[in-house]
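A short write-up of the structure that comes next.
The values are calculated or read from the model by the stated rules, or taken from the named source; none is laboratory data. Values in this document were obtained by computation on a predicted structure and should not be read as measured data. Note that we place each Cβ from the backbone using ideal geometry, even for glycine, and neighbour counts take in every protein chain shown. With ligands, DNA and RNA removed, areas are computed over all heavy atoms of the protein, side chains included. Shrake-Rupley method; radii C 1.70, N 1.55, O 1.52, S 1.80 Å.
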Amino acid sequence: MPTDVSSKPPGDPAQAQVAGGVATPPAKMSRESVTIIGTLLVATFVVILNETIMNVALQRLMVDLGVTAPTVQWLSTGFMLTMAVVIPTTGFILQRLSTRAVFMLAMGLFSGGTLLAALAPGFEILLLARIVQAGGTAIMLPLLMTTILTLVPVSRRGFVMGNVSIAISVAPAMGPTVSGLILEHFSWRFMFVFVLPIALAAFAIGARFLTNIGEKEKTRLDALSVVLTVPAFGGLVYGLSQIGGQGGPGAPAVTALAVGVIAMVAFVLRQLRLQKSEAPLLDLRAFTFRMFTVSVLLLVVAMIALFGAVILLPLYLQEIRGLTSLETGLTLLPGGLAMGLLGPFIGRLFDKVGPLPLTVTGASLLVVALFQFSLLDAGTPVGWIVALHVGLSLGLALIFTPAFTTGLNPLPPHLYSHGSAIMNTLQQVAGAAGTALLVSIYAVVSAGAGNVAGMHAAFLTASAIAVAAVVLAAMMRKTAATEHPA
């Protein structure tokens, strides 16, 4: 098969190349580059909206589908786990297939999964549909990040990443609100009926306007590495989800954690061996760049706290405060909107002052907000809850844009897809682990001391985890892009 060269016309500044095939970002983005990134942003907005649209619907699904709380939780945890297994393969996919082919694959899977979810007769088919959706979502996120790294000049990456945060922050903020509006008047199936035409529209826009960037490479997929991702990530998260159940960590939880740790070690060793032949599933040489490593660890800690809070707050508002699905969504909306709308401002600020003052401030806000959440009770004013959630969202906004940009900036072009895949993989694993761990703590403590005590324990744990973010944030330094192969 011949090498697939970009469909852009020769001489397009957005597609400039230097000797050896290393992409050199142009001084200014072309109109075509803006169109490509805009198309990917629309699609990313849709798939991320879908990821959080389920959060306030879990209680309704427990009743309608006749399943327990730990079972219905797998609609969220299973989604994140699937992403964690698929995302490591995206480094290979992005190198092997053209941009258009990757986009069509991602949106095709997502649209198909959405249709299946709308028609699902029971929990098992709904879970399968969520897994198919997750496959498409997993491919879309690294595609967006790699495209930005390829097309956007270094001097503007903070600003563009800030604008990207509008899509990736407003979408999850709208998810619970949209879900609440739908559940107030329709069945849960309409959550997917609503998303499907938007997904199909994004698919059509991409098919019409998206062009290829870069070149395809003849790389091979290591089957053993793909197989190892399943017990490595699945074992760890399943084990965490079972801790505390049935009176304490039982044999299934311990076994799952042990299998997960062993498989993870085997996966890492396999990648180190494959690096010698230039064919790893995930090229771990990205970790030789110090700021990439610090940024990844900071994002992991933030995601553990974030995803736990994203699950716990709706539980608190509905089960302890008795709010409806719509009221819950509206309560969480201001924080998410604030995070998204502040994104461009934070991006500009990052380009001027670097990551350190932003990430330290953000991590401190994260600790304070989560600790205050641990003090909530049945009589806490909703206005105070909204204010705390806005503070939490602001803290996360101050962490995400600087961490993404600082971590990916120093990577050479041949590590773009691997670096973004590593970041997204570990974020999803951290999110799934945080959800499983904090929900387990909530369930165990609630069983013995009531829901309020369970919420206190879970949020206190999250705030303790977030302290590590302050330490990591203090280690952040401004990075310059690598203009030559590592």
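Considering only protein heavy atoms, what is the solvent-accessible area of V63 at a probe of 1.4 Å, reported in Å² to the nearest 10?
Counting only protein heavy atoms, the figure is 110 Å².
In the chain, once you exclude exposed trypsin sites (Lys or Arg not before Pro) (DSSP loop, at most 12 other Cβ within 10 angstrom), what's the longest stretch remaining?
Numbers: sites that count: K28, K218, R220, K276, R477.
Counting at most 12 other Cβ atoms within 10 Å as exposed, the longest clean stretch of the chain is 277-476.
Of the accessible area of the chain, with the probe set at 1.4 angstrom, what percent is carbon plus sulfur?
Values: 13010 of 18380 Å².
Accessible surface attributable to carbon and sulfur in the chain totals 71 percent.
Residues of the chain: accessible area per residue at 1.4 Å, in Å²? Mind showing how you got there, number by number?
Numbers: 18380 Å² over 486 residues.
On a per-residue basis, the chain sits at 38 Å².
Take each uninterrupted DSSP H stretch in the chain, measure its Cα extent along the helix axis, and return the ones at 27 Å or beyond whose mean Kyte-Doolittle hydropathy is at least 1.0. It would help to have the intermediate numbers written out before the result.
Details: long enough: 31-52 (32 Å, 1.24); 99-119 (30 Å, 1.52); 123-151 (42 Å, 1.65); 157-185 (42 Å, 0.94); 190-209 (29 Å, 2.17); 223-242 (29 Å, 1.42); 251-275 (36 Å, 1.50); 290-315 (38 Å, 2.44); 382-408 (39 Å, 1.67); 416-449 (49 Å, 0.91); 451-473 (33 Å, 1.79).
Those that pass (Cα extent of 27 Å or more, hydropathy at least 1.0) are 31-52, 99-119, 123-151, 190-209, 223-242, 251-275, 290-315, 382-408, 451-473.
Students sometimes get this wrong: rank D351, D222, D64 by accessible area, probe 1.4 Å, all chains present, largest first.
Working: D351 45, D222 10, D64 85 Å².
Order by accessible area, largest first: D64, D351, D222.
How large is the translational diffusion coefficient of the chain in µm² per second when you combine the Kirkwood radius over alpha carbon pairs with Stokes-Einstein at 10 °C and 1.306 mPa s? List each step's numbers first, then the result.
On the way: Rh = 22.6 Å.
The diffusion coefficient I find is 70 µm²/s.
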